1. Looking at the range 102-114 only, could you name the residues that are touching a strand residue (DSSP E or B) at 6+ places or on another chain (Cβ under 6 Å) and either under 10 Å from H177 (Cβ atoms) or among the charged types (D, E, K, R) (or both)?
2. Just need a number here: residues in the range 257-283 that are touching a Pro at 6+ places or on another chain (Cβ under 9 Å) and either under 19 Å from G312 (Cβ atoms) or in a loop (DSSP other than H, G, I, E, B) (or both).
3. Hey, among the residues in the range 304-328 that are without any contact (Cβ under 8 Å) to a residue 40 or more places away in the chain and buried (at least 16 other Cβ atoms within 10 Å of the Cβ), which one's farthest from N417 (Cα to Cα)?
4. Going through V396, V360 one at a time, which residue ends up being among the hydrophobic types (A, V, I, L, M, F, W, C), buried (at least 18 other Cβ atoms within 10 Å of the Cβ) and over 26 Å from K269 (Cβ atoms)?
5. Can you give me the ranges of the helices (runs of 4 or more DSSP H) entirely in the range 309-411 with at least 2 residues that are small (G, A, S) and assigned by TED's automatic domain parsing to the domain that holds E271?
6. Taking the stated definitions as given, is E210 over 22 Å from D337 (Cα atoms) and at pLDDT 95 or above?
7. If I ask for residues that are surrounded by fewer than 16 Cβ atoms within 10 Å (Cβ to Cβ) and either among the aromatic types (F, W, Y) or in contact with a His (Cβ under 9 Å, 6 or more places away or on another chain) (or both), which ones from the range 234-272 would you list?
Amino acid sequence: MITAVIPFSTTESFAVNCRLFSGLPGIERILVVHSGAFRPSDAMLSGIEAGSYLSGPAWNRIIEEAGTDYILAVLDCSRIDLPPASLVRLVETAELTGAGLVFSDYHEIVKGQRKERPLIDYREGSIRDGFDFGKMVLIRTETAKSSLARHGAIPDGRHCGFYDLRLKIAADRLPYHAEEALYTAAGNGGMTDRETHFSYVDPSNREVQEEMERAATEHLRRIGAWLEPSFQPVPADDSAYPVEASVIIPVRNRARTIAEAVKSALGQKTEFPFNVIVVDNYSSDGTTAILDGLVKKNRRLVHLIPGRFDLGIGGCWNEAVFSEHCGRHAVQLDSDDLYSSDNSLSELVNAFPAGDCGMVIGSYLLVDGAMNEIPPGLIDHREWTDENGRNNALRVNGLGAPRAFRTCLLRERGFLNVSYGEDYEMGLRLSRRYRVGRIYENLYLCRRWEGNTDADLTTATKNRYDLFKDNIRTLEIAARREMNKGHG
């Protein structure tokens, strides 16, 4: 038998969901999580009063009071349409796989149109709190109880209840993804893509993120992948470099913005020699001609065209880093962005000697194509600490910008030859051993416009990117376990 769990709301969706689950064979009772405004109107309905649907107290009580083999939890206020056969299929999948948590693809109604919403498989590295389970999950009650008995009750936070529960279930057995669209969801029950992307660095969400960080940190301890705040010294580097720093700009088809980016880099004021290396990945829109013109005017600009045609952004970085032109420090600038002042490069490079860091990351301001600030504004990653930053880095989806590296460390292996997540993977890899320095003042203007590589991504592309980053985390978790065993 099954207990359905839904959050209370004053919307029509709540009443529709109550009627749906009341009439489904196999549903024995419905638990409604509310903040004090709900009054049961049906014998099947029971209330759990809690400050938040996602709170620790709410989910501890849900697990305790379910009293059935399974819990079918609707994760937000969307209106659900679940055929009886699909409910049977969910239970059958849980029985056959032995998974403690099962989720499935679904259909969503967007502007009156029905669209299939495929999800991705759960990996060990899927520990980001934004992992998309869809609108509904099936939880094996006994598994949830045994996971909490083994790993401890869910903390009394307002926001991390479900997140903490699924991490504890996943520590014993990974959730199972049924690649079938088993239900339909309608209504906006969550955040927009932009809100989701930047939620972990929005100051208004600080309390949420602190709870999530604590839950993720405890999970890493449970699985042996947590790292103590002890860092290795950066190896001595006696190599000869042509300059102290190189600003590296990979580019393909950015005729609209490349000249501004290059001029922003060349206009930096420093007390050390630097150059700007642009890796032109076979542009076809006039970018190459623009760069040829700029090279003639400034000898510090190096225009590289790779000898191969299969390079992503990471591969373009490798072309610059392993070239004879690269300086002792390699500093990032994207081809559609700008430094916020003529001192940004100096601040990044000068942060290395004091902290003996392997990598330094600054802060950036989100702006539109006309350079107007857009929400949430300054992205400074103040959640990062020396004590736990490199552990929390496994929970979030990025480490910030602009990024500066010690070239000798990059040359140990280079970047992954991909165009998404290559910088994140390198940041995780370096933070495993070396301290990451942070600068919390704005050094960089990150332009969000229709030409961005991550603008208007399809669901398939988003899924591919998310799965890739989850795989990166999975391998990093394995590497950190080995290091903790003394093997890494």
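The values are calculated or read from the model by the stated rules, or taken from the named source; none is laboratory data. As the structure is a computational prediction, the values presented were derived from the model and not from experiment. When we count neighbours, we look across all protein chains shown, and the Cβ atoms used for this are built from the backbone with ideal geometry, even at glycine.
1. Result: V102, F103, S104, D105, E108, R114.
2. Residues that pass the stated criteria total 6.
3. Among those that are without any contact (Cβ under 8 Å) to a residue 40 or more places away in the chain and buried (at least 16 other Cβ atoms within 10 Å of the Cβ), it is L304.
4. Selected residue: V396, the only one of V396, V360 that is among the hydrophobic types (A, V, I, L, M, F, W, C), buried (at least 18 other Cβ atoms within 10 Å of the Cβ) and over 26 Å from K269 (Cβ atoms).
5. Because the criterion is at least 2 residues that are small (G, A, S) and assigned by TED's automatic domain parsing to the domain that holds E271, the helices (runs of 4 or more DSSP H) in the range 309-411 that meet it are 313-321, 344-355.
6. no
7. P242, F272
The rows are residues; the columns are (1) under 23 Å from V208 (Cβ atoms); (2) part of a helix (DSSP H, G or I).
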residue: I6; (1), (2): yes, no
residue: N17; (1), (2): no, yes
residue: L31; (1), (2): no, no
residue: G36; (1), (2): yes, no
residue: I48; (1), (2): yes, no
residue: L54; (1), (2): yes, no
residue: G67; (1), (2): no, no
residue: I71; (1), (2): no, no
